[in-house]
Amino acid sequence: MPKVSSVVCHDVRFPTSLELDGSDAVNVDPDYSAAYVVVTLDSGEEGHAFVFTCGRGNEIITQAIDSYGRLLVGRDGDELVNNLGEASKRLVHDSQMRWLGPEKGVSQMACGALVNAIWDLRARREGKPLWLLLSEMAPEELVDVIDFTHISDALSPEEALQILRQGQAGKAARIAELKADGYPAYTTSPGWLGYSDEKLLRLSKQAFSDGFGMIKLKVGGRLEDDRRRLGLVRRELPQLPVAIDANQRWDVPDAIEWVNALADFEPSWIEEPTSTDDILGHAAIRRAVAPTRVATGEAVHNRIMFKQLLQAEAIDVLQLDATRVAGVNENVATLLLAARFGVPVCPHAGGVGLCELVQHFSFFDYAAVSTTQQGRFIEYVEHLHEHFAEPVRIVRGRYEAPQLPGIGAEMLLESRTRWTFPGGAGWREVGNRAAVTEPHMTPAEA
């Protein structure tokens, strides 16, 4: 009967601000970072997971993971791994720690890291990548991992079970198809706001040549700049769909005016036009900018907010994130909510390791939940994949199926050591040149 012997968290950061990789109208100078956790059983088994951040504050997440991790140390490892619903509730609904959220922000992400580490243990035990583990689990077991608290008015256990049972038909063929052909991707790599027009156009042409089905450009700095950049891509690559992303930059009236001013470029969607907490604001924007679609999700705290976005008919595309909510359990709940409301899921990725993690949810969604790839993509960004035990593989604009057992979170030990902040060898070389070591800068000052 193995027990949890340790929960160890590391503050790992990368100096992406040096090239303005990841820059947008709000995140003007990100240094992509991971609060990286390893849960170890006294049998020697390890589960790996992390939370993504943009640099400063990564130490806050690591400390929260340490605090929540104390709830696991000494626990029966088999009990946690074999009852993943209860393992999640033990963390998320702790009677005292929940006051820090409840179920939002730093506390929710810290819980999610530990939940994901337990799933990593389970997947490694079964010798399967997460997507295949989920796809091959019985519908009844999947329903048991979901916390239906505060969402049963939109998705009951019976409705979730019905969706999953319907997804059994043809599942084996879809799994075989995913192994052979992968899943469609779009890329944000050309579109960072800090990139020059020349770099934007060069990377957009490369993305089209590489077979990506869509690219995404960041917007929300200055309207004339957005029109110029969209115009460049539209003139040079008129056949390539282009989405736009404001990263919550606008108030509702500004969003409506700005998106309508870009409507002649026919964007595939406007992403995060306003605060992701503003359910009614998203609904108002969606009505006012139609037929431009509205997408959001990467900063949505939990399944309850996704429920409201769907109930309010506020979004056309749902963009779940692998590390924002409370782990695999809550992402499965969100996939089922999206299926219940007939809204396509196009996950958020990028950052450090998010592509490696979130691909599993789209593969599972196609295999056993929505059973379609129509109008669906996984986001892809060309950053930092070399640091992972199984980097994502993109072939002809499609994600290839992950193969290694686990959730895809394992970062190479050499990378973890070199980029531990602030004392790792990489940071000693970078010194004070990255934004994470400089005074805080707001979007208005960028």
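The values are calculated or read from the model by the stated rules, or taken from the named source; none is laboratory data. A quick note: this is a predicted structure, and the numbers were derived from the prediction, not measured. FYI the Cβ positions are ideal-geometry reconstructions off the backbone, even for glycines, and counts take in every protein chain you see. Just the protein is used for accessible areas: all its heavy atoms, side chains included, with ligands, DNA and RNA removed. Shrake-Rupley method; radii C 1.70, N 1.55, O 1.52, S 1.80 Å.
Look at (1) at pLDDT 95 or above; (2) open to solvent by less than 10 Å² (accessible area, probe 1.4 Å) and you find that Gly191 fails only one, number (1).
Among the criteria (1) buried (at least 24 other Cβ atoms within 10 Å of the Cβ); (2) assigned to a strand (DSSP E or B); (3) not small (Gly, Ala, Ser), the one Thr40 does not fulfil is (1). Could you go through the stretch 250-264 and let me know if any residue there is surrounded by fewer than 18 Cβ atoms within 10 Å (Cβ to Cβ), in a helix (DSSP H, G or I) and touching a Ser or Thr at 6+ places or on another chain (Cβ under 7 Å). Yes, the stretch 250-264 contains at least one residue that is surrounded by fewer than 18 Cβ atoms within 10 Å (Cβ to Cβ), in a helix (DSSP H, G or I) and touching a Ser or Thr at 6+ places or on another chain (Cβ under 7 Å). I'd like to check something: does the stretch 7-28 contain any residue that is surrounded by fewer than 24 Cβ atoms within 10 Å (Cβ to Cβ), modelled with pLDDT of 95 or more, touching a Leu at 6+ places or on another chain (Cβ under 7 Å) and outside any strand (DSSP E or B)? No - not one qualifying residue is present in the stretch 7-28. For first residues located in the stretch 265-288 and more than 21 Å from Lys218 (Cβ to Cβ), partners that are among the hydrophobic types (A, V, I, L, M, F, W, C) and assigned to a loop (DSSP other than H, G, I, E, B) and lie 6+ apart or on another chain with Cβ distances below 8 Å form the pairs Ile279/Ala312; Ile279/Ala314; Leu280/Ala312; Leu280/Ala314; Ala283/Ala312; Ala283/Ala314. The set of residues in the stretch 29-55 that are modelled with pLDDT under 95 and more than 16 Å from Val430 (Cα to Cα) contains only Cys54.
Among the residues of the stretch 183-216, those identified as closer than 17 Å to Gly375 by Cβ and in a loop (DSSP other than H, G, I, E, B) are Phe212, Gly213, Met214.
From the residues in the stretch 399-423 that are in contact with a strand residue (DSSP E or B) (Cβ under 8 Å, 6 or more places away or on another chain) and farther than 28 Å from Arg125 by Cα, which one is surrounded by the fewest Cβ atoms within 10 Å (Cβ to Cβ)? It would help to see each step written out before you state the result.
If we filter the stretch 399-423 for residues that are in contact with a strand residue (DSSP E or B) (Cβ under 8 Å, 6 or more places away or on another chain), which is where we start, we get 399-412, 415-416, 419-421.
Remaining after also requiring farther than 28 Å from Arg125 by Cα: 419-421.
Details: Trp419: 25, Thr420: 17, Phe421: 22.
That would be Thr420.
Being hydroxyl-bearing (Ser, Thr, Tyr) and touching a helix residue (DSSP H, G or I) at 6+ places or on another chain (Cβ under 8 Å) narrows it down to one residue among Ser33, Ser95; which is it? Only one candidate qualifies: Ser33.
In the set (1) within 19 Å of Gly297 (Cα to Cα); (2) loosely packed, with under 14 Cβ neighbours inside 10 Å, Ala243 fails one condition alone, (2).
Taking every residue in the stretch 194-212 that is closer than 26 Å to Tyr183 by Cβ and pairing it with any residue that is of a type in the set (Val, Ile, Thr), at least 6 positions away or on another chain, the pairs with Cβ-Cβ distances below 6 Å are Ser204/Ile215; Ser204/Val233; Ala207/Thr187; Ala207/Ile215; Phe212/Thr187. Considered as a group, the residues in the stretch 376-397 that are open to solvent by less than 10 Å² (accessible area, probe 1.4 Å) and not hydrophobic (A, V, I, L, M, F, W, C) include one that is farthest from Phe212 (Cα to Cα), and that residue is Glu379. Within the stretch 93-115, one or more residues are of a type outside the set (Gly, Ala, Ser) and touching a strand residue (DSSP E or B) at 6+ places or on another chain (Cβ under 7 Å). Could you tell me which residue of the stretch 142-188 is surrounded by the fewest Cβ atoms within 10 Å (Cβ to Cβ), considering only residues that are within 17 Å of His360 (Cα to Cα) and small (Gly, Ala, Ser)? Taking the candidates together, the pick is Ala180.
Taken as a whole, the condition of being open to solvent by 10 Å² or more (accessible area, probe 1.4 Å), part of a loop (DSSP other than H, G, I, E, B), among the basic types (Lys, Arg) and within 22 Å of Gly22 (Cα to Cα) does not apply to Arg227.
For the stretch 142-166, how many residues meet the condition of being within 14 Å of Ala333 (Cβ to Cβ) and assigned to a helix (DSSP H, G or I)? Within the stretch 142-166, residues that are within 14 Å of Ala333 (Cβ to Cβ) and assigned to a helix (DSSP H, G or I) number 10. With the condition kept exactly as written, say whether any residue in the stretch 354-375 is farther than 20 Å from Glu330 by Cα, open to solvent by less than 50 Å² (accessible area, probe 1.4 Å) and of a type in the set (A, V, I, L, M, F, W, C). Within the stretch 354-375, none of the residues are farther than 20 Å from Glu330 by Cα, open to solvent by less than 50 Å² (accessible area, probe 1.4 Å) and of a type in the set (A, V, I, L, M, F, W, C).
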